[in-house]
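Just so it is clear, none of the values below were taken in a lab; they were calculated from the coordinates. Worth saying up front: this structure is predicted, and the values here are computed from it rather than measured. Cβ atoms come from the backbone with ideal geometry, glycine included; neighbour counts cover every protein chain shown.
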Amino acid sequence: MTGEALRTAFLDWLGNERRASPLTVEAYATDTAGFLGFLTRHLGAEPDLAALAALRPADLRAWLAEMAAAGAVNATRARHLSAVRSFFRFLARRHGLDNASLKLLSAPRAHPPVPRALSPKHARAITTDIAEMSNRTAIQARDTALFTLLYGCGLRIAEALALDVRDAPPPGGTGALRVVGKGAKERIVPVLPAVREAIAGWLRHHPDPSPASPLFLGARGKRLDAAVAQRTLREFRRLNGLPEHATPHALRHSFATHLLAGGADLRSIQDLLGHASLSTTQRYTAVDEAKLLDVWRRAHPRGGG
């Protein structure tokens, strides 16, 4: 059978037996057509079952390389590879095709999109006005404390919600916060007076301020769910005309970006965010080359600053 006949049988199976959606079938049709078109050019003839069985990892890498040269990003190439793997699984079940080359091929890693920073005005508005989303004093104090903590300390929402009452910084002084991040890695984060005051204000309304109690409680007395905080901010941003990327994670991003704009060095921001490598911090804060060069010129002994 020709490659095209095999592809047609695969798409029929996908739509009729697997009951895949029309959009899924259409996407797989496009991706597998592109793959077979490449093989026709690459091999000099339309591939049949024997040619598909004989493909080597180098042939498949050449296909991925051609897509990359045409401008396909990692996520697009990974999607095409997933479609071809499904095609080959079908061929193995229905036609006994045996080719391990796909198993030896790593999918291109798609870099998750980095959230954009909010303007300082919008970030402050969230911390000062989020209380308007509830008519209950305790919920107002809790949400003010939570979102002030996210922006003021650059925490991930999961890190903030994992805190217990005993982790809260004292209302006075210059206390710091011990945060357990990804991989159980601990870091120390300085706490601004505004953050300490907001947390202290919430603790005055906390229904169970014992040391082992979750710092942020939900309506049923259990640890606050991240989905509740996300929904609150989603409703707030729509009522107040904030951009759609105004999310809890965007507050962490804003924390880092605003520090960088204020002259903080990347290494310090790396420590505050809990990143394992500086390259992660550079991507996270969306630092462009011009800004990095400016930081280098001002900070390096030979930079002229």
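Residue by residue through region 95-102, which ³J(HN,Hα) values in whole Hz follow from phi under the Karplus form 6.51 cos²θ - 1.76 cosθ + 1.60 (θ = phi - 60°), with glycine and proline marked x?
Couplings: 10, x, 5, 10, 9, 8, 4, 5 Hz.
Which length gain, in nm to one decimal place, applies between residue 45 and residue 200 when the Cα-Cα distance is subtracted from 0.36 nm times their residue separation? Show your work: numbers first, answer last.
Values: separation 155, 0.36 × 155 = 55.80 nm, distance 7.32 nm.
Value of the extension gain: 48.5 nm.
³J(HN,Hα) across region 223-233 via Karplus (A = 6.51, B = -1.76, C = 1.60, θ = phi - 60°), whole Hz, x for Gly/Pro?
Rounded to whole hertz, the list is 4, 4, 7, 4, 4, 5, 5, 5, 5, 4, 5.
What number results when the radius of gyration of the chain, computed over Cα atoms, is divided by 2.2 N^0.38 Å?
Working: Rg = 26.4 Å, N = 305, 2.2 N^0.38 = 19.3 Å.
Compactness ratio reported: 1.36.
Counting only other residues whose beta carbon sits under 14 Å from that of residue 92, what net charge do I get with K and R as +1, D and E as -1?
Values: positive: 85, 89, 93, 94, 103; negative: 98.
So the surrounding residues net to +4.
Going by amide H atoms built from the backbone, whose H comes under 5 Å of the H on residue 177, apart from near neighbours?
Under 5 Å from the amide H of residue 177 lie the amide H atoms of 189, 191, each far enough along the sequence or on another chain.
Work from the charge dipole of region 186-246 (Cβ charges, +1 for Lys and Arg, -1 for Asp and Glu, about the Cα centre) and give the residue of 203, 241, 216 farthest towards its positive end.
241
How would region 3-104 be classified by its alpha-carbon gyration tensor: rounded, prolate or oblate, with rounded meaning a/c under 1.5 and the a/b versus b/c comparison settling the rest? If you can, show how the numbers build up before the last one.
Details: a/c = 1.66, a/b = 1.16, b/c = 1.43.
It comes out oblate by the Cα gyration axes.
What list of ³J(HN,Hα) couplings, whole Hz, do you get for region 183-192 from phi and the Karplus terms 6.51, -1.76, 1.60, once you set θ to phi - 60° and write x for glycine and proline?
With coefficients 6.51, -1.76 and 1.60, one gets x, 6, 7, 8, 8, 10, 10, x, 10, 5 Hz.
Suppose every Lys and Arg Cβ carries +1 and every Asp and Glu Cβ carries -1, with no other charges. What dipole size does the chain come out with about its Cα centre, to the nearest 20 debye? Could the numbers behind the result be given before it?
Working: 41 positive and 27 negative charges, 112 e Å.
Dipole about the Cα centre, nearest 20: 540 debye.
Per q in 0.11, 0.14, 0.17, 0.27 Å⁻¹, report the Debye log10 I(q)/I(0) for region 144-224, using one uniform scatterer on each alpha carbon and no solvent.
-0.25, -0.40, -0.61, -1.55
Between beta-carbons, use under 15 Å as the cut-off and find the net charge around residue 171, counting Lys and Arg +1, Asp and Glu -1.
Cβ neighbours under 15 Å give a net charge of +1.
Using amide H atoms built in the peptide plane, which far-off residues or other-chain residues are under 5 Å from residue 97 H to H?
Hits under the 5 Å cutoff: 92.
What residues have an amide H closer than 5 Å to that of residue 218, excluding those fewer than 5 places away on the same chain, when H is modeled at 1.01 Å from N in the peptide plane?
Amide H neighbours of residue 218, under 5 Å, 5+ apart: 223, 224.
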